[in-house]
Amino acid sequence: MAVKSLGLLGAAFKEIKDMSGDKPSPGRRLKRISIAVQDDQYIGLEEVAEDMGVTIADAAREAINSYLLTEHWGHTVGKLAELEIGNGLTNEEVLAKVLAKFPHAQTSRDSVAWYRSKMRKVNPNIPTDREARVRRES
């Protein structure tokens with residue numbers, strides 16, 4: 001199986017820009033990584049980079065972000081939040097469980113409230129945060 005060594009942040013590290021074209025904020029730290037990818041993965045990154053008009057490093061970062069936001073955090077954080085909301089927990093309790101399992105997640109009270117609102121649109125029997133708090137206190 002042929003692989004190509006790809007220093008994803010290599011020379012582009014000095015000129016890294018996020019997908020909006022702006023340089024990352026000073027508080028946003030970047031880590032240098034080197035990985036080996038299969039030929040078809042490299043070709044795919046080249047195609048994505050060309051389509052987006054960005055470097056291969058930017059295309060790789062976008063692919064990583066897309067995976068993390070949809071497959072890892074989106075499915076697991078969201079599923080955990082929805083599960084715990086369905087179990088009658090308050091937004092604070094749900095947030096505590098999510099952050100305990102995913103300490104690096106950017107989840108906030110507003111995120112949990114969004115999941116609750118989304119669930120209530122489908123099932124009005126899902127308790128509001130206030131209703132969950134009242135049930136916990138009684």
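All of the numbers you see were taken from the coordinates with simple rules; none came from a lab. The shown structure was predicted, so the numbers you read here are calculated from the model rather than taken from an experiment. Note that we place each Cβ from the backbone using ideal geometry, even for glycine, and neighbour counts take in every protein chain shown.
One line per residue, one yes/no per condition, for (1) among the acidic types (Asp, Glu); (2) closer than 21 Å to Leu30 by Cβ:
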residue	(1), (2)
Asp58	yes, yes
Glu82	yes, no
Glu92	yes, no
Lys101	no, no
Trp114	no, no
Arg120	no, no
Ala132	no, no
Arg136	no, no
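Please list, ordered by residue number, the helices (runs of 4 or more DSSP H) wholly in segment 52-138 having 1 or more residues that are under 20 Å from the mean Cα position of the chain (by Cα) and surrounded by fewer than 19 Cβ atoms within 10 Å (Cβ to Cβ).
On the way: elements: 56-67, 78-86, 91-101, 109-122, 129-137.
In segment 52-138, 56-67, 78-86, 91-101, 109-122 are the helices (runs of 4 or more DSSP H) which contain 1 or more residues that are under 20 Å from the mean Cα position of the chain (by Cα) and surrounded by fewer than 19 Cβ atoms within 10 Å (Cβ to Cβ).
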Does Val48 satisfy the criteria of being assigned to a helix (DSSP H, G or I), out of contact with any Lys or Arg (no Cβ under 9 Å at 6 or more places or on another chain) and surrounded by 13 or more Cβ atoms within 10 Å (Cβ to Cβ)?
yes
Could you give me the residue pairs with C-beta distances under 7 Å whose first residue belongs to segment 106-128 and is within 12 Å of Ile85 (Cα to Cα), whose second residue is assigned to a loop (DSSP other than H, G, I, E, B) wherever it lies, and which are 6+ apart or on separate chains?
Arg116/Ile126; Met119/Ile126; Arg120/Ile126; Pro127/Gly88
